[in-house]
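Participant: I am attaching a structure below and will ask some questions about it afterwards.
The values are calculated or read from the model by the stated rules, or taken from the named source; none is laboratory data. Predicted model, so just to flag it, every value in this text is computed and none were measured. With ideal geometry, Cβ positions are generated from the backbone for all residues, glycine too; neighbour counts draw on all protein chains shown. To get the accessible areas, we keep the full protein, side chains included, count just its heavy atoms, and leave off ligands, DNA and RNA. Shrake-Rupley method; radii C 1.70, N 1.55, O 1.52, S 1.80 Å.
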Amino acid sequence: MIINQITVLLQKDLNLELKRPFLFNGMLLYLVSTVFVCYLVFDGIVDTKTWNALYWIILLFAAVNSAGRSFSEEFSRRHLYYYTLAGPTAFIIGKMLYNVLLLTILSLLGFLAFMVFLGFPAESKSMFLLAAVAGSIGLALLLTLVAGIAARAEHNFTLMAILSFPIVLPKLLILINLTQNALYEAQWSLAIKPLIALLAMYFLIIVLAVVLFPYLWKE
Amino acid sequence: MIAHYKWIYKAVAIVLLTYALLAGLTVKLPYELPVIYESIRNLFYHVGMWFTMLFVFLISFIYSLRHLKGFNPDHDRVAAQAAQIGLVFGMLGIFTGMFWANATWGAPWVRDPKLNGAAMSLLVYFAYIVLRSSIADEEKKARISAVYNIFAFILAIIFIGVLPRISGDSLHPGQAGSPLTVAGLDPSLRAIFYPAVLGWILLAVWILEIKVRMSRLHNTLTERDYD
C-alpha cells in the first residue's frame, strides 16, 4: 500500500523532471561551469586538500539548490490534491528517494567534471566514489526536510541555505575526514568508523523526517 | 502554592553566583599548572556558560516537542525565548573562551572540534531566529519553527557531542592526552565549580521566566489593540 504510493509519487517526480529537462541541465551546467572557473583560477594545478574542499563546496551548493526546489510546487493548491491520494509518510519518503537519485547522479557527474578539468590527485578512486555517493545520499536525506521547512516559510532560497548549513556541517566534517583518507592513505580500516557514524546519522534523519513531516504537511 | 516559594530559587541563584564570583577570584590555587596558571579561575565562568547554554537549549527543545503535541502557543513562547537566552549564554561562552584561549593557546580562535561545535550550535539557533522572523502567521510560525528546532537539536547539538570523538583530539581538557578533567579537579576548586554552574543555570531560568512573562504581556497588549 504505502510502497505503491511511494513508487507512484517517485514516478510522478521523475516524469516532471523529464518533462522539464532544463532544470536538471541547469544544475549540470552550474556544476561544469563552476569547475571550469576553478580550473581557470587555479591554473589546473590543485593540491589534494584544495581539490577535496572544492569538490564538497561545489557539491553542497548544487545540492542545496536542487533539493531546495523539491517542494516549490507542492505546497500550493496542488498539495490539497495529494492530500487525498497519499499519506505524509509516503510523500516525504518519495521526495527523499527522488532527491537521493538526483544528487547521486549530480555528484557522480561532478566527479567526472573534476576528473576532466582538475584531475584526480589521489590514491583510491573507489573509496572516494563511495564517500561521494554516501555523502550525496546524506545531503539528499537531510535537505529534503529542510526544503519542506523553507518552502513552508515561503522565502525559499535564502532560508534554505541558512537553515541547512549548520545542520549539514557535522555530517560534512565526517565526510571530509573520510575523503581526506581516500585521497591520502586509502586505508579501508580507517573508513569503517566514519561510515558507521554516517549510517547511524542517516537512520536518525529518516526517522526524524517521517515523524516531523506530518506537522509541515498539515495546513 | 508553588508560586509563593518561587523566590527561593532566585535567592539561591544570587547566593551561589556571589559565592562563585568572590571565591572564584580569591581562592588560593592548590597547584601551579603549566601554561594555565591563574587563568584556571575562568573555569567557573567559561564552562558554566556552556552548561547553561545546553540546559536552556534543552528547555527550548522540550517545549518545541510539547508544542507539537498540543499546539499550545505558550509552549512555543517558552521555546523561542529559551533559544534567545541560549544564544546570549553561548556568545558569552565564546567571549570568555577567547580571553582564555588568548592567554593559554596564544590566539583567540584556534582550530579545535569543540570551537567548531560551539560556532555550529550558535549558527543553528541564529537560523532558528531568522526562520521565526520570516513567517508572519503566528500559528504557522510556531509549528514550523518547532519542527526545525527538534530536527536541528537532535542532528546538530547531539552530534557536536559525538564529533570530537570521531574527528580526533581537542585542545580542551578532558580529551585524550590531557591531564585535567573536572572529576580529577582539586576538591577546593570543585567546591566552587559545581555551585557556579548551578548558579548560572538558575540565573538563566530566572531570565527565562521574566522574558516569557514579558512576551505574554506583549501578546495580550497587541491583541487588545486589534479588538
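Participant: Can you name the residue in segment B:127-143 that is more than 8 Å from chain A (Cβ to nearest Cβ) and over 14 Å from A:Y215 (Cβ atoms) and is also most open to solvent (accessible area, probe 1.4 Å) among such residues?
Facilitator: B:E138
Participant: Follow-up question, since we're still on this one. What is the number of the single condition among (1) touching a residue at least 24 places away in the same chain (Cβ under 8 Å); (2) assigned to a helix (DSSP H, G or I) that B:L33 does not meet?
Facilitator: Only one criterion is unmet by B:L33, namely (2).
Participant: Would you confirm, using the coordinates I've provided, whether A:T158 is free of Cβ contacts under 8 Å to residues at least 60 places away in the same chain, in a helix (DSSP H, G or I) and hydroxyl-bearing (S, T, Y)?
Facilitator: Yes, satisfied.
Participant: If you don't mind, another one. Exactly one condition in (1) more than 14 Å from chain A (Cβ to nearest Cβ); (2) without any contact (Cβ under 8 Å) to a residue 24 or more places away in the chain; (3) under 30 Å from B:S145 (Cβ atoms) is not met by B:L21; state its number.
Facilitator: (3)
Participant: A follow-up question, please. Having 1 or more residues that are at pLDDT 80 or above is the bar; report the helices (runs of 4 or more DSSP H) wholly within segment B:70-188 that clear it.
Facilitator: Fully inside segment B:70-188 and qualifying: B:73-104, B:113-134, B:138-152.
Participant: Kindly provide the set of residues from segment A:179-197 that are open to solvent by 10 Å² or more (accessible area, probe 1.4 Å) and either at the interface with chain B (Cβ under 7 Å from one of its Cβ atoms) or out of contact with any Asp or Glu (no Cβ under 8 Å at 6 or more places or on another chain) (or both), ordered by number. Before you say what the answer is, go through the steps one by one.
Facilitator: If we filter segment A:179-197 for residues that are open to solvent by 10 Å² or more (accessible area, probe 1.4 Å), which is where we start, we get A:180-181, A:184-190, A:192-197.
Hits for segment A:179-197 are A:Q180, A:N181, A:Q187, A:W188, A:S189, A:L190, A:I192, A:K193, A:P194, A:L195, A:I196, A:A197.
Participant: Okay, moving on. Anything in segment A:198-219 that is over 30 Å from B:K140 (Cα atoms) and open to solvent by less than 20 Å² (accessible area, probe 1.4 Å)? List them, or say none.
Facilitator: Of segment A:198-219, the ones over 30 Å from B:K140 (Cα atoms) are A:198-200.
Correct list: A:L198 only.
Participant: Something else: Consider segment A:29-68. How many of its residues are under 19 Å from the mean Cα position of the chain (by Cα) and β-branched (V, I, T)?
Facilitator: The qualifying residues number 6.
Participant: Restricting attention to segment B:39-66, which residues are crowded, with 19+ Cβ neighbours inside 10 Å and closer than 17 Å to B:A142 by Cα?
Facilitator: Once the filter is applied, which keeps residues that are crowded, with 19+ Cβ neighbours inside 10 Å and closer than 17 Å to B:A142 by Cα, segment B:39-66 yields B:F57, B:I59, B:S60, B:F61, B:Y63, B:S64.
Participant: Would you tally the residues in segment B:1-38 being modelled with pLDDT under 85 and open to solvent by less than 90 Å² (accessible area, probe 1.4 Å)?
Facilitator: Residues flagged as modelled with pLDDT under 85 and open to solvent by less than 90 Å² (accessible area, probe 1.4 Å) within segment B:1-38 amount to 10.
Participant: For the structure I just gave you, tell me whether A:F61 is farther than 21 Å from A:L175 by Cα and among the hydrophobic types (A, V, I, L, M, F, W, C).
Facilitator: For A:F61, the condition - farther than 21 Å from A:L175 by Cα and among the hydrophobic types (A, V, I, L, M, F, W, C) - is not met.
Participant: Looking for something farther than 24 Å from B:H218 by Cβ, without any contact (Cβ under 8 Å) to a residue 40 or more places away in the chain and under 16 Å from the mean Cα position of the chain (by Cα) - is there at least one such residue anywhere in segment B:103-115?
Facilitator: Scanning segment B:103-115, I find at least one residue that is farther than 24 Å from B:H218 by Cβ, without any contact (Cβ under 8 Å) to a residue 40 or more places away in the chain and under 16 Å from the mean Cα position of the chain (by Cα), so the answer is yes.
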